1. Stokes-Einstein diffusion coefficient for the chain at 20 °C in a medium of 1.002 mPa s, Rh from the Kirkwood formula over Cα pairs: what value in µm²/s?
2. On average, how much accessible surface per residue is there in the range 7-102, in Å², for a 1.4 Å probe, leaving out ligands, DNA and RNA?
3. How much of the accessible area of the chain, probe 1.4 Å, is carbon plus sulfur, in whole percent?
4. Taking a threshold of 20 Å on the Cα-Cα distance, which of the pairs LYS41/LYS107; LYS79/LYS116; LYS24/LYS69 fall above it?
5. Cross-link partners among aspartates and glutamates for LYS104, C-alpha distance below 19 Å, same-chain residues fewer than 8 apart left out?
Amino acid sequence: MKRNLVMLVDDEIDIIALFTEVLKMNGINARPFTNPEEALKDFEQNHASYNLVISDIRMTPISGVEFIKRLREIDSSIKVILMTAFEIEGNQLREIHTDEFFNKPIKMNDLVQIVKKYVS
């Protein structure tokens, strides 16, 4: 089975809808989630289909940092991009290894270019 799915996780539905649409327009298959716990359940069942996870840091009921830690327990090789609209502490990011990080808002062309580095 080919890993060709991108998981998008953000509790802001407008951002998820925009990112999903832009990625699909660029031929990238994205699966959106607004609840990180639902995303975790899906990842447990389908992790072999995913090659990239893009997650917000500030979410409820679990943070993006906790979400990524749990993902890595399921599949340590998954590529991860974290995003935030807020200032974050450097040590928060050191807790987990991320492949990429960006601040929101992001230009859609930049988003596509970052994702294409991991999805080919």
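The values are calculated or read from the model by the stated rules, or taken from the named source; none is laboratory data. If you're wondering where the values come from, they're calculated on a predicted model, not measured in any experiment. Quick note on the areas: whole protein, heavy atoms, side chains included, nothing else; ligands and nucleic acids left out. Shrake-Rupley method; radii C 1.70, N 1.55, O 1.52, S 1.80 Å.
1. Taking Rh from Cα pairs, D becomes 152 µm²/s.
2. Values: 4810 Å² over 96 residues.
Per-residue accessible area for the range 7-102 comes out at 50 Å².
3. Working: 3040 of 6530 Å².
Answer for the chain: carbon and sulfur cover 47 percent of the accessible area.
4. Numbers: LYS41/LYS107 30 Å; LYS79/LYS116 12 Å; LYS24/LYS69 27 Å.
Result: LYS41/LYS107; LYS24/LYS69 exceed 20 Å.
5. Leaving aside aspartates and glutamates fewer than 8 places away in the same chain, those within reach of LYS104 are ASP10, ASP11, GLU12, ASP14, GLU21, ASP56, GLU87, GLU89.
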